[in-house]
1. With a 1.4 Å probe and all protein chains left in place, how much of the accessible area of the stretch 35-80 comes from carbon and sulfur atoms, in whole percent?
2. Grab the beta carbon distance between ARG71 and THR12, set R0 = 25 Å, and tell me the FRET efficiency rounded to 0.05.
3. Using the per-residue mean of other Cβ atoms lying within 10 Å as a proxy for protection, in what order, highest first, do the peptides 64-74, 1-11 fall?
4. Over the stretch 1-47, average the accessible area per residue using a 1.4 Å probe and give it in Å², no decimals.
5. Report the FRET efficiency, 1/(1 + (r/R0)^6), for LYS78 and ARG34, where r is their Cβ-Cβ distance and R0 is 41 Å, rounded to 0.05.
Amino acid sequence: MKVYLIRHSEPTYQQVTTAGLTGFGRELGGLTDRGIMLAQQCAQQPLFAQVQLILSSPYTRALQTALEIVRFNDIPLKVDLGLHEWLPDNTGSRTDTDE
């Protein structure tokens, strides 16, 4: 069995900033238009012919990236709430994306 790790494409936090979201709300940021295009290009890689399942974190940017791969390759998608590289800010105090 092989496991491929793919990081989400280029994110934007403009909508969450405009909406005044803080803390965990910052994790709802999606992809830029360029990020969507890059995910679509990634989806065309031949390695996806061997992939049996896409496992994604629940963050919007990760799901949007996975969606482009699934669309092009018709691969099942599973979302795992525990899949993330850090714990989100549950205090509601984080307002930037630098942390």
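The values are calculated or read from the model by the stated rules, or taken from the named source; none is laboratory data. Worth saying up front: this structure is predicted, and the values here are computed from it rather than measured. Here Cβ is always computed from backbone atoms with ideal geometry, including for glycine, and neighbour counts include all displayed protein chains. Keep in mind that these areas ignore ligands, DNA and RNA; they rest on the heavy atoms of the full protein, side chains included. Shrake-Rupley method; radii C 1.70, N 1.55, O 1.52, S 1.80 Å.
1. 55
2. 0.80
3. For the peptides 64-74, 1-11, the packing ranking is 64-74, 1-11.
4. 69
5. 0.95
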